[in-house]
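Undergrad: Before anything else, here's the structure in question.
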Amino acid sequence: MDEEIRVPVELPLDEDGYLRRECPSCENEFKWFSHEEGDPNVEAVSQYFCPLCGVPADPDSWWTPEQIEYGLGSAGSEIDRVVGDAVADMFKDMKGFTFKPNADFSLDIETPDALAEPNDMVIVEPPCHPQEPVKVPETSISRVHCLICGTPFAA
Ligand SMILES: [Zn+2]
Ligand SMILES: [Zn+2]
């Protein structure tokens, strides 16, 4: 087994197509709009600015604790399956030994329940980058930072 195991993790979007995020600096939650893959409106950025506190961070440092747990859980069940197949392959080639694949073979990694994504928060569009709307808690709309350039605006 020398292949890299890649596990695509599907994170749920809310009804408007927004993904929940947590700022690594202020640890508050907001949501950004999840563009379709290949969407020409997507800005290529090396960092995003927190709409709530304005502090920038890498594009992949915005996971909520629930999303990390969910991702690890999904990876676990996939690894479980791959390992089960590899063990079955190993025994298949041994002469004089019959291996009956056991459907119950499991490393006992729990498959997580699907994450639920409530349709909360308010959509705000930065005037400087209107193609990158975000959702913030209603109490924060008087001062929001643009996700792309960090410019503050009031919704
Ligand atoms: Zn923040
Ligand atoms: Zn902007």
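The values are calculated or read from the model by the stated rules, or taken from the named source; none is laboratory data. Bear in mind the structure is a predicted one, so any value in this text is a computation, not a measurement. Heads up, the Cβs are rebuilt from the backbone with ideal geometry, glycines too, and the neighbour counts pull from every protein chain shown.
Undergrad: Can you give me the number of residues within the stretch 47-60 that are farther than 16 Å from Phe153 by Cα, away from ligand 2 (no atom under 15 Å from the Cβ) and touching a residue at least 12 places away in the same chain (Cβ under 8 Å)?
TA: So the count comes out to 3.
Undergrad: Can you work out which of the residues in the stretch 126-155 that are more than 22 Å from the chain's Cα centre (by Cα) and closer than 17 Å to Ser34 by Cβ is nearest to ligand 1 (Cβ to nearest atom)?
TA: Pro126
Undergrad: Let me ask something additional. For the stretch 32-58, what are the residues that are away from ligand 1 (no atom under 13 Å from the Cβ) and within 24 Å of Asn119 (Cβ to Cβ)?
TA: Kept after step one, since they are away from ligand 1 (no atom under 13 Å from the Cβ), are these residues of the stretch 32-58: 33-46, 58.
Of everything in the stretch 32-58, those that are away from ligand 1 (no atom under 13 Å from the Cβ) and within 24 Å of Asn119 (Cβ to Cβ) turn out to be Phe33, Ser34, His35, Glu36, Glu37, Asp39, Asn41, Val42.
Undergrad: May I pose another question? Report yes if some residue within the stretch 70-84 is at pLDDT below 80, exposed (fewer than 14 other Cβ atoms within 10 Å of the Cβ) and over 25 Å from Ser142 (Cα atoms); otherwise report no.
TA: No.
Undergrad: State the number of residues belonging to the stretch 18-57 that are in a loop (DSSP other than H, G, I, E, B), modelled with pLDDT of 95 or more and touching a strand residue (DSSP E or B) at 6+ places or on another chain (Cβ under 8 Å).
TA: Number satisfying all stated conditions: 11.
Undergrad: Given the options Thr64, Thr139, name the one that is in contact with a strand residue (DSSP E or B) (Cβ under 7 Å, 6 or more places away or on another chain), polar (S, T, N, Q), more than 16 Å from ligand 2 (Cβ to nearest atom) and modelled with pLDDT of 80 or more. Can you show your working first?
TA: Values: Thr139 fails: in contact with a strand residue (DSSP E or B) (Cβ under 7 Å, 6 or more places away or on another chain).
Of the residues listed, the single one that is in contact with a strand residue (DSSP E or B) (Cβ under 7 Å, 6 or more places away or on another chain), polar (S, T, N, Q), more than 16 Å from ligand 2 (Cβ to nearest atom) and modelled with pLDDT of 80 or more is Thr64.
Undergrad: Starting from the stretch 1-12, take each residue that is over 10 Å from Ala75 (Cβ atoms) and list its partners that are modelled with pLDDT of 70 or more and in a loop (DSSP other than H, G, I, E, B), counting only C-beta distances under 8 angstrom and pairs at least six apart or across chains.
TA: Close Cβ pairs (under 8 Å, with a partner that is modelled with pLDDT of 70 or more and in a loop (DSSP other than H, G, I, E, B)) amount to Leu11/Leu115; Pro12/Ala114; Pro12/Leu115; Pro12/Ala116; Pro12/Glu117.
Undergrad: I need the full set of residues from the stretch 109-135 which are at pLDDT 60 or above and over 20 Å from Glu29 (Cβ atoms), in order please. Break it down into steps so the answer makes sense when it comes.
TA: Pass one, the stretch 109-135, residues at pLDDT 60 or above: 110-135.
If the condition is that a residue be at pLDDT 60 or above and over 20 Å from Glu29 (Cβ atoms), then Glu110, Thr111, Pro127, Cys128, His129, Pro130, Gln131 are the ones that fit.
Undergrad: Output the qualifying pairs, or none if there are none: Cβ atoms under 6 angstrom, residues six or more apart or on different chains, first residue in the stretch 132-154 and more than 23 Å from Asn41 (Cβ to Cβ), second residue outside any helix (DSSP H, G or I) and within 13 Å of ligand 1 (Cβ to nearest atom).
TA: From residues that are more than 23 Å from Asn41 (Cβ to Cβ), the pairs are Ser140/Leu52; Arg143/Pro152.
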